[in-house]
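Participant: One structure, pasted below without further comment.
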Amino acid sequence: MTTTMLTDTQPTTSAVSLRGISKMYKHFRLENVNLEIQPGTVNGLIGPNGAGKTTVMRIMMGLVAPDQGTVSVLEKPISSNEAEVKKSVGYFSDDIRLYKTESIAWHMQFVRSLFPSWDDVYASQLLDRFGLIPGQKIKGLSHGQRVKALLLLILARRPQLLILDEPTNGLDPVAKQEVHAELMQIVNDDTRTILYSSHNTQDVEQISDTITFIDRGRVIATNNRDDFLDSWRRFKLLIPQGWRKPEIKGLRVESTFGNLQVVTLDRFQVDVEEHLRSSGAMIEASETMTLEEIFLAVVARGREENR
Amino acid sequence: MNLQAIQILFLKDLFLSRWPLFGYLVGGLLSAMVACLPSETAGFIGFVMMITVTIAAGIHLIGVLLLAESIDMTRTFVMSLPVSLLDYSIAKISVVLVAFLIPWLGMLAGLTVLNFVVPEAKTGIVAFLVLVFLFMLAGFCLQLVTAVVTESVGWTIVVVVLGNVLLNLFLKTLNEHPVISELNKSEVLSWPPIVLQIMAVQAILIVASLAFAFFWQSRQRDLV
């Protein structure tokens, strides 16, 4: 497991470490977020709209100051090393706007002047791959081109850590595929760490080693992607009248239609099926779950516990 | 503090405001020339033009360089680059001030030179002009503080309007003041104590406004 819950006192050698982060807004609050992201991993942050993904990422970038807690990025506290840390971090957010009256080439020159690590050759390759024209002004770009232009400005500086907040949001399938292809190339570089947020589980599932679910300002689950997929199961059970759910940890009834009951389990083991059978239920189907289904189940459970 | 980053941000903003800046500089110099023409009407028109150019330059530059960055969300882009809040604050407040000072100084210097060069001009009026220009600079600094603190176009315009009303009152007061009104008719430039006292108050207001703008900007916790 590359992403773990932490306590405040543990030292960190992680790419990103959030400990006890809280942030209060008028209509939203981020509560006691603890998160550690290991170097060289690809991490997905999944949550519904308004869950707090963007706030978490803004806090990592020092754009928003937490009310409580500590933030370290690339082993340095962001609050006192903001500029130094950002030399090695590329941050994408749908909120970021470029100067609309200036061209892509002007932006490249501007960003290049602040980053000694800027790679001219790679920047030219990205221009080609993304089909961007350097002289084109930002105000003339489509949404997809604007996203690609911003990604170019981020990627060409070869950042050690990439924080990508919904980078494929609103892109058409072709543009999405181009962006993903570029990210997949970066993923192959083991020295770089990526945090990728989305409300679309499929986007994240494709590239992530580790997944964190966030809902209503709280981290509700975090695990290795394959462990998530392996540990969750859905059973369709035919149950006799008066059937009582057996005491299996993590087993939850999702729905009941007559004598057909759908249950989910978040810590599947081979002997679980035997337990279910011995309780009198007949297993009609035992299914693995997609990440999206797991996410929905985790959110439902989290909200139920919080009620 | 990263001086190189501050310099890059400063030059970036100066470049982004190059066209309005050029326009205000040319407009200001033209106004100064009209103000020094040997005709009372031309002088009045030129003076009103200068005041108009200065007020327009102030609100426009604050809008383009300061407010637009938070409204258009380009500030998130800038702050995602390796700059600290301190670097950003120094660069931003300096460039807004310098951008305003370019046409402001152009006009004041142009007027001063013309008043010494044009034979019909009364050189004594330069002290009066300095007071008026310092008033407008102080007004601009108050607009700057308002924009930094509120990040609101509406509130900044309220301060512009108030400043305009106060400028008219200030001009009336200066014209009715026995010492200052005499200066305007004098062939010799002089700096009586009342002029120096007003200048001192204006200087304090300017410095205090800029210090507060910088203090507020550099202590912001949330930039988006």
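No value in this document is a laboratory result; all are computed from the given coordinates. As the structure is a computational prediction, the values presented were derived from the model and not from experiment. Positions of Cβ are backbone-derived with ideal geometry, glycine not excepted, and every protein chain shown enters the neighbour counts.
Participant: From Cα pairs below 8 angstrom and at least 6 apart in sequence, can you work out the relative contact order of the range B:113-223, rounded to a whole percent?
Facilitator: 43 percent
Participant: Could you work out the relative contact order of chain A, using alpha carbon pairs under 8 angstrom and six or more residues apart, expressed as a whole percent?
Facilitator: Contact order relative to length: 21 percent.
Participant: Right, here's the next one. Points 7 angstrom from Cα along the Cβ direction at residue B:39 and residue A:80: gap in nanometres?
Facilitator: The two pseudo-label positions are separated by 6.9 nm.
Participant: Determine, at each q value in 0.12, 0.19, 0.20, 0.22 (inverse angstroms), the log₁₀ of I(q)/I(0) that the Debye formula gives when each Cα of the range B:1-71 is one equal point scatterer.
Facilitator: Rounded to two decimals, the profile gives -0.44, -0.78, -0.82, -0.90.
Participant: When Cβ neighbours within 10 Å are restricted to other protein chains, what is their mean count per residue of peptide A:79-87?
Facilitator: 4
Participant: In percent, how large is the relative contact order of chain B, given Cα pairs closer than 8 Å and 6 or more residues apart?
Facilitator: 26 percent
Participant: Using alpha carbon centroids, what distance separates the range A:89-160 and the range B:188-220, in Å?
Facilitator: Rounded to whole Å, the Cα centres lie 42 Å apart.
Participant: Let me ask something else. How would A:209, A:128 line up from fewest to most surrounding beta-carbon atoms within 10 angstrom?
Facilitator: Ranking A:209, A:128 by Cβ neighbours within 10 Å, fewest first, gives A:128, A:209.
Participant: Post the alpha-carbon centroid distance, the range A:228-285 to the range B:1-34, in whole angstrom.
Facilitator: 71 Å
Participant: I've got another one for you. For residue A:279 and residue A:185, FRET efficiency with R0 = 56 Å and r from the beta-carbon atoms, rounded to 0.05?
Facilitator: That gives a FRET efficiency of 0.65.
Participant: Hey, another quick one. Taking the simple approach of a point 7 Å from Cα along Cα-to-Cβ for both residue A:206 and residue B:113, what is their distance in nm?
Facilitator: 6.2 nm
Participant: Skipping prolines and chain starts, which residues have an amide H placed within reach, meaning under 5 Å, of the one on residue A:25, given they are 5 or more residues away or on another chain?
Facilitator: The answer is A:30.
Participant: Under 5 Å between amide hydrogens, which residues at least 5 positions from residue A:162 or on another chain qualify, with H placed 1.01 Å from N in the peptide plane?
Facilitator: A:90, A:193, A:194, A:195
Participant: Which whole number gives the average count of other chain Cβ atoms within 10 Å of the Cβ atoms across peptide B:70-78?
Facilitator: Shielding by partners across B:70-78 averages 5.
Participant: Let me ask another. If you place +1 on the Cβ of every Lys and Arg, -1 on the Cβ of every Asp and Glu, and leave all else neutral, what size is the dipole of the range B:170-224 about its Cα centre, to the nearest 20 Debye?
Facilitator: 260 debye
Participant: Can you tell which of A:239, A:286, A:199 lies farthest toward the positive end of the dipole of the range A:174-306, using +1 and -1 charges on the Cβ of basic and acidic side chains (Lys, Arg; Asp, Glu)?
Facilitator: Looking along the dipole axis, the top candidate is A:239.
Participant: Next question, about the same structure. May I ask you to sort B:24, A:122 by Cβ crowding, counting other Cβ atoms within 10 Å and putting the fewest first?
Facilitator: A:122, B:24
Participant: Distance in nm between label sites at residue B:189 and residue B:212, each 7 Å beyond Cα in the beta-carbon direction?
Facilitator: According to this spin-label approximation, the distance is 3.2 nm.
Participant: So, how do all the Cα-to-Cα distances of the range A:164-268 break down into 5 Å bins, in percent, from 0 on up?
Facilitator: 2, 9, 16, 17, 14, 12, 10, 9, 5, 4, 2, 0
Participant: Going by C-beta contacts inside 10 Å, put B:76, B:156, A:256 in order with the fewest on the left.
Facilitator: In order of increasing Cβ crowding within 10 Å: A:256, B:76, B:156.
Participant: Can you list residues from other chains, or at least 5 along the same chain, whose modelled amide H is less than 5 Å from the amide H of residue A:215?
Facilitator: For residue A:215, whose amide H was placed from the backbone, the distant partners under 5 Å are A:220.
Participant: Return the sequence-ordered ³J(HN,Hα) values of the range B:79-88 in whole Hz as given by the Karplus equation 6.51 cos²θ - 1.76 cosθ + 1.60 applied to θ = phi - 60°, using x for Gly and Pro.
Facilitator: With coefficients 6.51, -1.76 and 1.60, one gets 6, 7, 8, x, 10, 8, 4, 5, 4, 4 Hz.
Participant: Let's see if you can work this out: charge +1 on each Lys and Arg Cβ, -1 on each Asp and Glu Cβ, no other charges. What is the dipole magnitude of the protein assembly as shown about its Cα centre, in debye to the nearest 20?
Facilitator: So the dipole magnitude of the protein assembly as shown works out to roughly 800 debye.
Participant: Which ³J(HN,Hα) values in Hz, rounded to whole numbers, follow from the phi angles of the range A:41-47 under the Karplus curve 6.51 cos²θ - 1.76 cosθ + 1.60, where θ = phi - 60° and Gly and Pro get x?
Facilitator: These are the phi-based 3J(HN,Hα) values: 10, 10, 10, x, 10, 10, x Hz.
Participant: Given charges of +1 on the Cβ of Lys and Arg and -1 on the Cβ of Asp and Glu, with all other atoms neutral, how large is the dipole of the range A:158-248 about its Cα centre, in debye to the nearest 20?
Facilitator: That gives the range A:158-248 a dipole magnitude of about 660 debye.
Participant: Within 14 Å, Cβ to Cβ, of residue B:95, how many net charges do the neighbouring residues add up to if Lys/Arg are +1 and Asp/Glu are -1?
Facilitator: +1
Participant: Which whole-Hz ³J(HN,Hα) couplings does the range A:210-217 yield from phi under the Karplus relation 6.51 cos²θ - 1.76 cosθ + 1.60, θ = phi - 60°, glycine and proline marked x?
Facilitator: Here the 3J(HN,Hα) series is 10, 10, 10, 9, 10, 8, 6, x Hz.
Participant: Assuming R0 = 60 Å, can you tell me the calculated FRET efficiency for the pair residue B:150 and residue A:252, based on Cβ-Cβ distance, to the nearest 0.05?
Facilitator: The calculated FRET efficiency here is 0.75.
Participant: Divide by every residue of chain A the summed helix terms, -39500 (n - 2.57) for each DSSP H run of at least 4, and state the resulting mean residue ellipticity at 222 nm, rounded to the nearest 500 deg cm²/dmol.
Facilitator: -9500 deg cm²/dmol
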